[in-house]
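As structure tokens, the structure follows; a few thoughts come after it.
The values are calculated or read from the model by the stated rules, or taken from the named source; none is laboratory data. Worth saying up front: this structure is predicted, and the values here are computed from it rather than measured. Positions of Cβ are generated from backbone atoms using ideal geometry, with glycine treated the same way; all protein chains shown enter the neighbour counts.
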Amino acid sequence: GQQLNQSPQSMFIQEGEDVSMNCTSSSIFNTWLWYKQDPGEGPVLLIALYKAGELTSNGRLTAQFGITRKDSFLNISASIPSDVGIYFCAGPSGSARQLTFGSGTQLTVLP
Amino acid sequence: DGGITQSPKYLFRKEGQNVTLSCEQNLNHDAMYWYRQDPGQGLRLIYYSQIVNDFQKGDIAEGYSVSREKKESFPLTVTSAQKNPTAFYLCASRFSTEAFFGQGTRLTVV
């Protein structure tokens with residue numbers, strides 16, 4: 001099936017720094033979703049992107065739908081301790097009936 | 001409140017026993033999903049259902065079974081045939097393209 005490659009796999013940053021992560025695919029996606037998972041909890045939807053080139057913000061988070069429709073980017077500005085968690089990208093696959101997830105980016109924010 | 005409820009949060013079972021994980025949603029979503037998550041890894045699809053009384057295997061369905069008798073409920077049974085059942089299990093429901101998750105069930109087989 002379709003696969004999403006997410007990078008980096010993990011990040012250690014200082015509080016207050018900006019963060020960038022990305023997700024790429026060998027095939028076209030019509031929707032990109034970004035989720036955050038806190039330890040021991042289910043993922044929570046952060047941002048949904050529906051159109052190539054679209055740039056959407058949610059507070060300190062900004063995500064972009066790549067022009068080629070094969071990639072997406074998530075940026076977090078001025079990181080804070082509660083940003084710690086795993087960030088996943090996801091997109092519909094299998095005739096849009098399934099949802100494929102990337103392997104995740106583990107973010108650690110150091111005080 | 002609308003949402004997805006998974007129960008129990010933690011589950012311990014002896015090796016060789018079947019165990020059923022509950023997933024209930026009151027969002028009126030047609031599609032429901034079960035994912036498995038192992039430490040440090042992403043989400044792998046076990047089963048999904050688009051409508052009542054219909055479901056399809058995902059990427060790692062071996063050793064698992066599901067039913068979808070009601071729109072609100074999509075229970076997952078981890079059978080004794082599953083070789084390595086200890087994991088974090090996540091249920092999701094979906095409307096259009098966006099999926100919403102429950103809080104997960106951590107299953108430990110001893």
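The table below lists the values:
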read-out: Residues that are within 13 Å of chain A (Cβ to nearest Cβ), of a type outside the set (D, E, K, R) and more than 22 Å from B:THR97 (Cβ to Cβ), drawn from the range B:22-43; value: B:PRO39, B:GLY40, B:GLN41
read-out: Conditions (1) over 18 Å from B:TYR10 (Cα atoms); (2) touching a strand residue (DSSP E or B) at 6+ places or on another chain (Cβ under 6 Å); (3) not basic (Lys, Arg): number failed by B:LEU90; value: (1)
read-out: Residue that is surrounded by the fewest Cβ atoms within 10 Å (Cβ to Cβ) [pool: residues in the range B:70-90 that are in contact with a Pro (Cβ under 9 Å, 6 or more places away or on another chain) and not hydroxyl-bearing (Ser, Thr, Tyr)]; value: B:PHE88
read-out: Filtered residues of the range B:29-51 (kept if over 20 Å from B:THR79 (Cα atoms), free of Cβ contacts under 8 Å to residues at least 60 places away in the same chain and either surrounded by fewer than 15 Cβ atoms within 10 Å (Cβ to Cβ) or of a type in the set (S, T, N, Q) (or both)); value: B:PRO39, B:GLY40, B:GLN41, B:GLN50, B:ILE51
read-out: Only one of B:GLN50, B:GLN56 that is closer than 29 Å to A:ASN30 by Cβ, in contact with a Lys or Arg (Cβ under 7 Å, 6 or more places away or on another chain), among the polar types (S, T, N, Q) and outside any loop (DSSP other than H, G, I, E, B); value: B:GLN50
read-out: Those strands (runs of 3 or more DSSP E) lying entirely in the range B:61-110 with at least 1 residues free of Cβ contacts under 8 Å to residues at least 12 places away in the same chain and within 27 Å of A:CYS89 (Cβ to Cβ); value: B:98-101
read-out: Failed item, numbered, when B:THR97 is tested on (1) out of contact with any Lys or Arg (no Cβ under 8 Å at 6 or more places or on another chain); (2) away from chain A (no Cβ under 12 Å); (3) of a type in the set (Val, Ile, Thr); value: (2)
read-out: Residue in the range A:92-111 that is within 24 Å of B:TYR89 (Cβ to Cβ), in contact with a helix residue (DSSP H, G or I) (Cβ under 9 Å, 6 or more places away or on another chain) and modelled with pLDDT of 95 or more present; value: yes
read-out: Selection from the range B:1-32 of residues that are aromatic (Phe, Trp, Tyr) and in contact with a Lys or Arg (Cβ under 7 Å, 6 or more places away or on another chain); value: B:TYR10
read-out: Residues satisfying the stated conditions in the range A:15-37, i.e. at pLDDT 95 or above, loosely packed, with under 15 Cβ neighbours inside 10 Å and either within 12 Å of another protein chain (Cβ to nearest Cβ) or touching a Pro at 6+ places or on another chain (Cβ under 8 Å) (or both); value: A:GLU15
read-out: Scan of the range B:80-98 for residues that are β-branched (Val, Ile, Thr) and over 18 Å from B:PRO8 (Cβ atoms), ordered by number; value: B:THR97
read-out: Close pairs from the range A:64-88: first on the phi > 0 side of the Ramachandran plot, partner buried (at least 16 other Cβ atoms within 10 Å of the Cβ) and of a type in the set (D, E, K, R), Cβ under 8 Å, at least 6 apart; value: A:GLY85/A:LYS36
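Yes or no, residue by residue, for (1) surrounded by 14 or more Cβ atoms within 10 Å (Cβ to Cβ); (2) more than 9 Å from chain B (Cβ to nearest Cβ):
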| site | (1), (2) |
| --- | --- |
| A:THR68 | no, yes |
| A:PHE73 | yes, yes |
| A:ILE76 | yes, yes |
| A:ILE80 | no, yes |
| A:ALA90 | yes, no |
| A:GLY102 | yes, no |
| A:PRO111 | no, yes |
